[in-house]
Each structure stands twice: as structure tokens, then as C-alpha cells.
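Written below as C-alpha cells is the structure these notes are about.
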Amino acid sequence: KEGDEFNGLLRYLTDETGENIHDNETVNITSNSINTDNVKPRNLVDYSNIDTCNYCSKRDTINAYVCFDFKNRKIQLSSYSLKSFKYDPNYFHLKNWVIETSNDGYHWKIIDQHINDPSLNAYKVTRTFNIRQSTEFSRFVRLRQTGKNWHDDYYIVLYSIEFYGKLENPE
């Protein structure tokens with residue numbers, strides 16, 4: 001619901017473990033493109049600094065992605081939320097992307113796709129996106145940019161991400 005978009009499965013794991021879930025190795029968050037050391041993908045789940053920490057890719061990485069490895073857990077996504085950065089419209093906001101899942105980190109299934117989507121083309125806006133097809137439980141979830149942003153390059157800049165659905169804990 002509005003105002004509570006970052007209170008899903010990633011926040012649950014953060015609260016359960018007491019700190020950033022990447023730092024404590026609950027979930028491994030990686031990317032194939034990181035702009036500088038202070039804008040790492042781990043910042044996407046730093047909910048205590050939701051308006052100050054962010055993730056930035058390099059400006060020239062085609063198919064840049066952020067990947068979440070839930071290790072010994074699996075996730076079944078029903079929706080996800082993204083928060084755009086503090087840029088004005090038509091700047092570095094996501095425009096084309098997919099959400100993909102995998103159980104082995106090599107074979108990916110697209111479960112959500114956005115082409116020329118204006119939803120995040122605004123200053124610090126939060127949007128929630130529903131997964132329209134049923135999904136299986138998966139170890140990996142990946143957000144991958146599939147085309148240029150609103151500034152006509154490949155730069156990804158986001159404040160936060162959150163996943164909703166079901167979490168399968170290890171036996």
C-alpha cells in the first residue's frame with residue numbers, strides 16, 4: 001500500500017537478521033556494472049538510508065543488471081517496488097527493463113517486462129509493479145535494463161528495491 005512500499009520480503013529479512021542483508025551475507029547482491037565504490041547494489045536494500053544511498057551503474061553498460069541470490073532460500077514474486085533517484089523527468093530514470101528469475105544463475109525466465117515505461121520518469125517516485133503471470137519459487141531474481149533510459153544512455157540510478165510474494169526458507 002502507498003507509503004509502505006518497502007516493507008516486503010527484503011525488509012523482512014533485514015529485520016530478521018538485524019542489518020543490511022547483503023552485508024551479513026543473507027542475500028548476495030551483485031551487478032555487472034558499478035559506477036563507483038559508494039554506489040554499490042547493496043545500497044538498494046539499505047532501508048535506513050532510503051533517500052541518501054543509491055545504486056548507479058556505469059553509463060555505457062548495455063544490459064546492466066542487479067542480481068539477488070537468495071542462496072538457500074527461494075522466492076516466489078507477486079510484485080516489486082522501485083524508487084527512482086532525485087533527478088528531474090527525462091534524466092537517468094529507468095525506461096526499459098525486465099525482471100528475471102533463475103534457479104541456477106545461468107538460465108533466466110522473464111517474468112515482467114517494461115518497454116518505454118514512464119512510471120519511474122520522475123523525481124524520487126516510488127512505483128509498485130505486479131507480476132502478471134504465476135511464477136515458480138526461484139533462488140535468483142534479477143532486474144536487467146533492456147534499453148536506454150530517459151536520458152538516452154544506459155545509466156541505471158535507483159534508490160531502492162523491494163520484493164513481495166512468498167519466501168521459502170531452508171528446511
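The values are calculated or read from the model by the stated rules, or taken from the named source; none is laboratory data. Quick caveat, the model's predicted, so the values are computed rather than measured. Ideal geometry is used to build each Cβ from the backbone, glycine not excepted, and the neighbour counts take in all protein chains shown. Ligands, DNA and RNA are stripped out before the accessible areas are found, and what is left, the full protein with its side chains, is counted by its heavy atoms. Shrake-Rupley method; radii C 1.70, N 1.55, O 1.52, S 1.80 Å.
Annotations for the structure displayed:
- Only helices enter this figure: runs of n ≥ 4 DSSP H residues, each worth -39500 (n - 2.57), summed and divided by the residues of the chain, yield -1500 deg cm²/dmol at 222 nm to the nearest 500.
- The orientation-averaged projected area of the convex hull spanned by the Cα atoms of the stretch 77-128 comes to 4.0 nm².
- Three-way shape label, the stretch 111-164, alpha-carbon gyration tensor, a/c 1.5: prolate
- In a reduced charge model with +1 at each Lys and Arg Cβ and -1 at each Asp and Glu Cβ, the chain shows a dipole moment near 400 debye about its Cα centre.
- For the chain, the alpha carbon convex hull comes to 108 Å³ per residue, rounded to a whole number.
- Apolar share of the accessible surface for the stretch 101-152: 45 percent from carbon plus sulfur atoms, 1.4 Å probe.
- SER48 sits with roughly 100 Å² accessible to a 1.4 Å probe, with DNA, RNA and ligands left out of the calculation.
- Extension gain for VAL125 to PHE137 (0.36 nm times residue separation, less C-alpha to C-alpha distance): 1.4 nm.
- Potential lengthening between ASP152 and LYS71 on full extension [0.36 nm per residue; Cα-Cα distance subtracted]: 25.7 nm
- Here the gap between ARG59 and GLU25, fully extended at 0.36 nm per residue and compared with their Cα-Cα distance, gives a gain of 9.4 nm.
- Angstrom value of the Kirkwood radius, inverse mean 1/r, which spans all Cα pairs in the stretch 1-67: 12.8
- Normalised contact order of the chain, rounded percent, pairs of Cα under 8 Å and 6 or more residues apart: 32
- Value of D in µm² per second that Stokes-Einstein yields for the stretch 45-120, Kirkwood Rh from Cα pairs, at 4 °C (1.567 mPa s): 88
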